[in-house]
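Report on the structure given below.
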Amino acid sequence: MIVLFTDFGTAGPYLGQIKNVLYQNTDQIPVVELFADAPVHNPRAGAYLLAAYSGEFPPASVFLCVVDPGVGSAQRRAVVVRAGERWFVGPDNGLFSIVSRTGSKSEWWEINWRPQKLSSTFHGRDLFAPVAAILARGEEVPGAPIEMPPLVTHDEWPDDLYEIIYIDHFGNALTGVRARSVATHARLEVKGAMLDRHRTYSDVAQGQIFWYENSNGLVEIAAAGGRAACSLGLSIGDRVKMFGGVTRCQ
Amino acid sequence: MIVLFTDFGTAGPYLGQIKNVLYQNTDQIPVVELFADAPVHNPRAGAYLLAAYSGEFPPASVFLCVVDPGVGSAQRRAVVVRAGERWFVGPDNGLFSIVSRTGSKSEWWEINWRPQKLSSTFHGRDLFAPVAAILARGEEVPGAPIEMPPLVTHDEWPDDLYEIIYIDHFGNALTGVRARSVATHARLEVKGAMLDRHRTYSDVAQGQIFWYENSNGLVEIAAAGGRAACSLGLSIGDRVKMFGGVTRCQ
Amino acid sequence: MIVLFTDFGTAGPYLGQIKNVLYQNTDQIPVVELFADAPVHNPRAGAYLLAAYSGEFPPASVFLCVVDPGVGSAQRRAVVVRAGERWFVGPDNGLFSIVSRTGSKSEWWEINWRPQKLSSTFHGRDLFAPVAAILARGEEVPGAPIEMPPLVTHDEWPDDLYEIIYIDHFGNALTGVRARSVATHARLEVKGAMLDRHRTYSDVAQGQIFWYENSNGLVEIAAAGGRAACSLGLSIGDRVKMFGGVTRCQ
């Protein structure tokens with residue numbers, strides 16, 4: 001399976017252009033869009049989303065990941081990462097830093113394959129998609145092994161990010177914090193509001209804002225029958241605090 | 001064929017997560033998104049959309065329907081419904097009440113299959129998608145027969161709903177009224193405006209607002225070359241009236 | 001491959017309804033959405049997008065194109081066009097005028113096949129989709145040869161359109177001008193701003209607005225790390241000028 005993780009938005013031609021390349025270079029491999037609206041030009045938020053949402057896809061899945069504001073620059077390298085039995089293809093701007101910490105040791109390659117025609121602004125189509133197809137066909141990684149970039153240290157990109165990293169269609173706000181790393185009855189503070197933990201929407205009164213462990217293990221803020229992000233004025237990057245003890249993470 | 005009918009929105013991970021489950025549990029069965037933006041947390045509007053739009057899909061299609069504000073509560077049951085030769089999987093919150101009246105008598109089952117891991121907030125992925133896959137594979141319904149819920153009476157959920165139930169990308173406003181249940185030259189009143197019936201956009205002057213029978217048989221409000229819902233300030237739930245005689249519905 | 005090019009928007013039932021028809025009338029042919037959000041009711045902008053983005057799809061691809069404000073009128077004909085080894089199905093409102101000029105001479109047919117039931121407002125589902133399926137199956141064109149409509153002259157629809165024709169998810173503004181038809185260092189004027197050409201986002205300072213040749217050969221306006229269309233207040237149809245010499249187009 002090839003899984004798309006991009007900040008392209010759901011509209012426009014870019015996803016279709018990539019699917020065209022994938023269909024032409026693979027034989028009936030399913031292509032699934034995981035996120036088409038990862039936060040724009042924000043590999044940091046994307047890194048935590050990717051780590052939380054990639055684990056439920058089958059081993060050997062190939063994640064084609066394009067959050068790539070540095071496209072076409074000499075500094076930004078194109079890489080393949082193998083982590084937790086899955087493949088990740090995309091830029092080395094930090095997007096793979098969190099997923100690299102899951103499972104056993106990750107392996108990194110710099111892509112040295114080049115297409116006949118490489119545009120300056122759409123490596124998703126021209127470089128990453130053909131490489132994803134190569135991996136999905138079970139062929140050798142078209143690159144040279146490299147060390148995991150030292151740039152992304154644990155200090156700058158902690159295991160849990162106490163920030164809003166995504167706001168969904170329901171106005172729910174996802175954080176980069178894994179619920180299992182905080183105390184069961186921790187309270188969450190965001191924008192001056194202090195929120196209790198509940199299990200699901202129907203456990204609280206209509207309109208009440210609360211936090212819960214979402215179905216992918218992240219701390220998420222929601223309002224029963226309402227839009228928490230609108231009510232609280234939340235944006236991606238807003239900081240959250242958890243009170244009541246932080247559990248030692250595994 | 002598996003048909004998705006949800007209020008998840010087109011963006012975000014939820015549709016991709018469900019497709020991952022479907023692809024892993026079926027063998028190349030096509031998956032089509034019918035509505036990804038059914039009105040949020042509104043099974044009532046959804047029920048009329050589902051009834052109007054499901055009939056053109058082939059017999060034996062499986063509709064995976066997730067408009068599920070009550071997810072995780074003890075009151076809300078998970079059901080399978082067979083109506084008009086098609087399968088419907090989802091919550092028993094009324095979403096299937098209108099489609100159950102089409103064709104011959106509908107059959108209902110309460111799902112008693114449970115996955116190894118059931119989240120509190122995403123039964124679409126954890127419960128309904130695997131059950132849809134079971135049905136699409138032609139296996140037995142993983143549940144026990146039940147009566148159609150008496151909760152949803154004809155009074156509360158009439159055969160025709162005189163309300164706006166959806167506003168599309170063109171600013172057209174769909175009602176829950178079947179055009180064949182109103183007089184051919186009925187006039188429609190909404191928000192103080194009185195609208196005539198016409199056949200199609202090019203039959204009226206640019207900007208004129210009118211109603212017509214849409215391609216799925218519903219009374220729909222449109223403006224030629226414009227956005228009727230914006231011009232009239234329409235929202236989902238706004239009431240409409242039809243003047244000029246209501247035909248007895250079969 | 002069947003490629004969808006529509007102004008339906010990404011949400012709503014219309015794309016799913018069309019895919020249902022395609023799946024029922026073809027055998028596992030991939031369906032790719034190129035544009036679901038072509039400018040609404042704007043075949044002129046659509047014509048330049050289609051010409052710029054269709055060329056990378058494989059020969060024999062069938063483009064199902066629905067930007068069709070005249071649907072249901074007697075004046076608007078339903079056509080099949082063969083241009084540059086690819087098939088195009090849709091209305092004869094100018095949408096195919098630019099793509100007809102690419103490659104060798106284009107061929108045109110008026111569709112005379114009719115479905116059992118033809119709605120007045122959704123020929124995309126009822127007429128164009130079944131015809132696209134017929135072509136994708138390799139069968140004969142279900143229509144009669146016609147001349148390319150004389151209506152669309154080169155004066156009204158020039159080879160390069162000096163207007164904004166699309167604004168993408170990143171706030172980039174695409175023009176209908178092919179970069180190879182302007183001088184390499186031409187400057188672009190739009191809404192009083194004068195923009196230089198650069199190669200890619202990372203070649204300019206954060207926030208700087210510039211133009212570049214996009215990955216499909218069009219002149220595109222962007223801001224590094226920003227949203228050019230918002231900063232400049234750009235809309236579809238806004239005129240652009242290029243200074244510094246226009247290269248003779250081939």
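The values are calculated or read from the model by the stated rules, or taken from the named source; none is laboratory data. Just so it is clear, the structure is predicted and the values come from calculations on it, not from any experiment. Positions of Cβ are generated from backbone atoms using ideal geometry, with glycine treated the same way; all protein chains shown enter the neighbour counts. Surface accessibility is based on the protein's heavy atoms, side chains included, excluding ligands, DNA and RNA. Shrake-Rupley method; radii C 1.70, N 1.55, O 1.52, S 1.80 Å.
Among the residues of the stretch A:102-127, what is the count of those that are more than 13 Å from chain C (Cβ to nearest Cβ) and either in contact with a strand residue (DSSP E or B) (Cβ under 8 Å, 6 or more places away or on another chain) or at pLDDT below 95 (or both)? Spell out how you get there, then give the answer.
So in the stretch A:102-127, the residues more than 13 Å from chain C (Cβ to nearest Cβ) come out as A:102-114.
Filter again for either in contact with a strand residue (DSSP E or B) (Cβ under 8 Å, 6 or more places away or on another chain) or at pLDDT below 95 (or both), leaving A:102-113.
The number of residues fulfilling the criteria is 12.
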Selection from the stretch A:38-50 of residues within 13 Å of chain C (Cβ to nearest Cβ) and surrounded by 22 or more Cβ atoms within 10 Å (Cβ to Cβ) yields A:ALA38, A:PRO43
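With the requirement that a residue be under 18 Å from the mean Cα position of the chain (by Cα) and away from chain B (no Cβ under 14 Å), what does the stretch A:150-173 give you?
The initial filter retains those residues of the stretch A:150-173 that are under 18 Å from the mean Cα position of the chain (by Cα), namely A:152-154, A:156-169, A:172-173.
Passing the criteria: A:VAL152, A:THR153, A:HIS154, A:GLU156, A:TRP157, A:PRO158, A:ASP159, A:ASP160, A:LEU161, A:TYR162, A:GLU163, A:ILE164.
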The lone condition A:GLU220 fails out of (1) over 29 Å from B:HIS123 (Cα atoms); (2) open to solvent by less than 30 Å² (accessible area, probe 1.4 Å); (3) of a type in the set (D, E, K, R) is (1)
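Can you pull out the residues in the stretch B:53-78 that are among the charged types (D, E, K, R) and farther than 19 Å from A:VAL204 by Cβ? Before the answer, list the steps.
The initial filter retains those residues of the stretch B:53-78 that are among the charged types (D, E, K, R), namely B:56, B:68, B:76-77.
Once the filter is applied, which keeps residues that are among the charged types (D, E, K, R) and farther than 19 Å from A:VAL204 by Cβ, the stretch B:53-78 yields B:GLU56, B:ARG77.
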Flagged pairs (Cβ under 9 angstrom, 6 or more apart or on separate chains; first in the stretch A:231-242, touching a residue at least 40 places away in the same chain (Cβ under 8 Å) and over 18 Å from A:ALA179 (Cα atoms); second part of a loop (DSSP other than H, G, I, E, B) and of a type in the set (Asp, Glu)) are A:LEU232/A:ASP238
Q.
Residues that are under 19 Å from the mean Cα position of the chain (by Cα) and part of a helix (DSSP H, G or I): does the stretch C:213-222 have at least one?
A. no
Going through the stretch B:5-26 in order, the residues found to be facing chain A (nearest Cβ under 10 Å), over 19 Å from B:ASP68 (Cα atoms) and touching a Lys or Arg at 6+ places or on another chain (Cβ under 9 Å) are B:ASN20
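Across the stretch A:174-203, what is the total count of residues that are within 11 Å of chain B (Cβ to nearest Cβ) and open to solvent by 10 Å² or more (accessible area, probe 1.4 Å)?
As a first pass, look at the stretch A:174-203 and keep what is within 11 Å of chain B (Cβ to nearest Cβ): A:174, A:198-203.
If we keep only those that are open to solvent by 10 Å² or more (accessible area, probe 1.4 Å) as well, we get A:198-199, A:201-203.
Matching residues across the stretch A:174-203 total 5.
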Within the stretch B:223-246, the residues that are touching a Phe, Trp or Tyr at 6+ places or on another chain (Cβ under 8 Å) and either in a loop (DSSP other than H, G, I, E, B) or surrounded by fewer than 17 Cβ atoms within 10 Å (Cβ to Cβ) (or both) are B:ALA224, B:GLY225, B:ARG227, B:ILE236, B:ARG239, B:LYS241
If we keep only residues of the stretch B:65-103 that are more than 17 Å from B:LEU50 (Cα to Cα) and among the polar types (S, T, N, Q), then the residue surrounded by the fewest Cβ atoms within 10 Å (Cβ to Cβ) is B:GLN75
Screening C:ALA38, C:ALA51 for residues that are under 11 Å from the mean Cα position of the chain (by Cα) and either free of Cβ contacts under 8 Å to residues at least 24 places away in the same chain or part of a loop (DSSP other than H, G, I, E, B) (or both) leaves only C:ALA38
Filtering the stretch A:160-198 down to residues that are farther than 26 Å from C:THR10 by Cα, part of a loop (DSSP other than H, G, I, E, B) and touching a residue at least 12 places away in the same chain (Cβ under 8 Å) yields A:ASP160, A:VAL182, A:ALA183, A:THR184, A:HIS185, A:ALA186, A:LYS191, A:ASP196, A:HIS198
Of the conditions (1) farther than 24 Å from C:ASP168 by Cβ; (2) in contact with a Pro (Cβ under 9 Å, 6 or more places away or on another chain); (3) within 14 Å of chain B (Cβ to nearest Cβ); (4) surrounded by fewer than 22 Cβ atoms within 10 Å (Cβ to Cβ), the single one that A:ILE29 does not satisfy is (2)
Selection over the stretch A:10-29 where residues are under 27 Å from A:SER215 (Cα atoms) and at pLDDT 95 or above yields a count of 1
Notebook entry, point to check: So is B:ARG137 over 21 Å from the mean Cα position of the chain (by Cα), touching a residue at least 40 places away in the same chain (Cβ under 8 Å) and open to solvent by 60 Å² or more (accessible area, probe 1.4 Å) or not?
Noted result: yes
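Kindly establish whether B:TRP87 is in contact with a helix residue (DSSP H, G or I) (Cβ under 7 Å, 6 or more places away or on another chain), aromatic (Phe, Trp, Tyr), modelled with pLDDT of 95 or more and assigned to a loop (DSSP other than H, G, I, E, B). Working first, answer last.
Numbers: in contact with a helix residue (DSSP H, G or I) (Cβ under 7 Å, 6 or more places away or on another chain): yes; aromatic (Phe, Trp, Tyr): yes; modelled with pLDDT of 95 or more: yes; assigned to a loop (DSSP other than H, G, I, E, B): no.
Spelling it out, it is not the case that B:TRP87 is in contact with a helix residue (DSSP H, G or I) (Cβ under 7 Å, 6 or more places away or on another chain), aromatic (Phe, Trp, Tyr), modelled with pLDDT of 95 or more and assigned to a loop (DSSP other than H, G, I, E, B).
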- Message: With the structure loaded, tell me whether B:PRO149 is without any contact (Cβ under 8 Å) to a residue 24 or more places away in the chain and part of a loop (DSSP other than H, G, I, E, B) or whether it fails that test.
- Response: no
Inset, instruction - Take A:GLY70 and decide whether it is facing chain C (nearest Cβ under 8 Å), more than 11 Å from the chain's Cα centre (by Cα) and free of Cβ contacts under 8 Å to residues at least 12 places away in the same chain. - result: no
Of (1) under 29 Å from B:GLU220 (Cβ atoms); (2) assigned to a loop (DSSP other than H, G, I, E, B), B:LEU118 fails just (1)
